[in-house]
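The values are calculated or read from the model by the stated rules, or taken from the named source; none is laboratory data. What you see is a predicted model; the values in this text were computed from it and never measured. A quick note on method: Cβ atoms are made from the backbone with ideal geometry, for glycine too, and the neighbour counts reach across all protein chains shown.
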Protein chains: 2
Amino acid sequence: MRAVCLLSGGMDSCVSAFVAKNEGYTIYALTFNYGQRNRREIEFAKEIAKALEVKEHLIINADLRSIGGSALTGDMEIPEKGEGIPPTYVPARNTIFLAYALAYAEARNADAIFIGANAIDYSGYPDCRAEYIQAMQKVANIGTKRGVEGKSIKIIAPLINLSKAEIVKKGVELGAPFEKTWSCYRETEKACGRCDSCRLRLKGFKEAGIKDPIEYENK
Amino acid sequence: MRAVCLLSGGMDSCVSAFVAKNEGYTIYALTFNYGQRNRREIEFAKEIAKALEVKEHLIINADLRSIGGSALTGDMEIPEKGEGIPPTYVPARNTIFLAYALAYAEARNADAIFIGANAIDYSGYPDCRAEYIQAMQKVANIGTKRGVEGKSIKIIAPLINLSKAEIVKKGVELGAPFEKTWSCYRETEKACGRCDSCRLRLKGFKEAGIKDPIEYENK
């Protein structure tokens, strides 16, 4: 059994990949260099791939900066708090990531794709919901060679209905290296502790009753 | 009205974009440099974009060569004829292209995406069928900000049910510059006239009773 695991360098994709490993999959890790503000994510993804003992770690240059439309790839300000879909939403990001993952899975003859998408303690992104994953599953069934041949690539989002606290607990249970994960949207040396992503992470660790091993500027 | 038009440099995407222009859309052209064997396609796409008087022409580097799994990006031989899904199939290519198109459409506030996919005289690719386009439409509806806000980006494949001959006729009717289109899978100076793609093109022109303006090595 082979699985392509999307690995961003963040905690959710790390735990998601450890779920795959725990289920016995040989792992093909896939990380994107998409012009995100914080390049450290990619270094953390490499560390996580090592911990997972992956078969291969492919880092794809995905040019989202020239498309723009997001605070994560452009010049918009990173918000501390807001309502609705926030400016950190990157247009169609998970669709681009899953499209590449489908291509990679076909080319390596992988049976599944693991993605750390999470609909509970999420930031309001439309492409992190179960119904979105289902829509992409249909694309995998219809639009790939494996799908047409009846060996469809399964898109698995094992954290989709978990709270951040549950993700923390699952990660600890599976031995996920949280000290090698990065969640902050900013470029600061330590995580800022204030952006949406830091706040969700800190809340998760707090509710799980577990100490977050990374350092923060504020919390 | 704005539309993102996928422009490969081939005849189908050219005619598809001229359909969009004819319907009054302001055009944002999108072309991929994905490590295809024939780089001339991209030069042709630039010429077509000029003829379309596009608002912007974005050329994205999409690294499909490192993924592999196709005769068009790797070392496999280009076949002259075959059955089933041929080795020129590039895993999940249209899914990757449409994912980027969705991102580009969101970022430029475009209402539609035009793709030259064609299910009739096609080469047996799973991601060139109407049901595949419908599956991607659902992804657009559910997985994007515009979709969630009720202004879904429409994915239009105006040639999906046309024969190659009908595409040729429509292109002539709309003034599409066929002399600036490239269909051959090979890297030869002139089109080879023998690969699947050349043969489909030549058959289309012949059935339409129109002379193909490009030169061939064999036909």
Being under 13 Å from B:Gly143 (Cβ atoms) and of a type in the set (A, V, I, L, M, F, W, C) narrows it down to one of A:Ile85, A:Ile120, A:Ile156, A:Ile142, so name that one.
A:Ile85
Pairs, please: C-beta under 7 Å, at least 6 apart or cross-chain, first residue modelled with pLDDT under 85 and in the stretch A:83-96, second surrounded by 16 or more Cβ atoms within 10 Å (Cβ to Cβ) and among the aliphatic types (A, V, I, L, M)?
A:Ile85/B:Val148; A:Pro87/A:Ala71; A:Thr88/A:Ala71; A:Thr88/A:Leu72; A:Thr88/A:Ile78; A:Val90/A:Leu64; A:Val90/A:Leu72
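Okay, residues lined up against (1) closer than 13 Å to B:Val15 by Cβ; (2) not aliphatic (A, V, I, L, M):
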{"residue": "B:Lys164", "(1), (2)": "yes, yes"}
{"residue": "B:Leu174", "(1), (2)": "yes, no"}
{"residue": "B:Glu189", "(1), (2)": "no, yes"}
{"residue": "B:Phe205", "(1), (2)": "yes, yes"}
{"residue": "B:Pro213", "(1), (2)": "no, yes"}
{"residue": "B:Glu217", "(1), (2)": "no, yes"}
Any residue that is free of Cβ contacts under 8 Å to residues at least 60 places away in the same chain, more than 10 Å from chain B (Cβ to nearest Cβ) and farther than 16 Å from B:Val148 by Cα - is there at least one of those in the stretch A:115-135?
yes
Please find, within the stretch A:91-124, the residue that is surrounded by the most Cβ atoms within 10 Å (Cβ to Cβ) out of those that are within 23 Å of A:Glu207 (Cβ to Cβ) and touching an Asp or Glu at 6+ places or on another chain (Cβ under 7 Å).
A:Asn118
Among the residues of the stretch A:49-63, are any within 14 Å of chain B (Cβ to nearest Cβ), in contact with a helix residue (DSSP H, G or I) (Cβ under 8 Å, 6 or more places away or on another chain) and part of a loop (DSSP other than H, G, I, E, B)?
no
Answer yes if at least one residue in the stretch B:175-186 is at pLDDT 95 or above, under 25 Å from B:Val4 (Cβ atoms) and either more than 17 Å from the chain's Cα centre (by Cα) or among the small types (Gly, Ala, Ser) (or both), and no otherwise.
yes
Identify, please: which residue in the stretch B:182-219 is in contact (Cβ under 8 Å) with a residue 40 or more places away in the chain and among the polar types (S, T, N, Q) and is, among those, surrounded by the fewest Cβ atoms within 10 Å (Cβ to Cβ)?
B:Ser197
Out of (1) assigned to a loop (DSSP other than H, G, I, E, B); (2) exposed (fewer than 15 other Cβ atoms within 10 Å of the Cβ), what's the single condition that is false for A:Glu179?
(1)
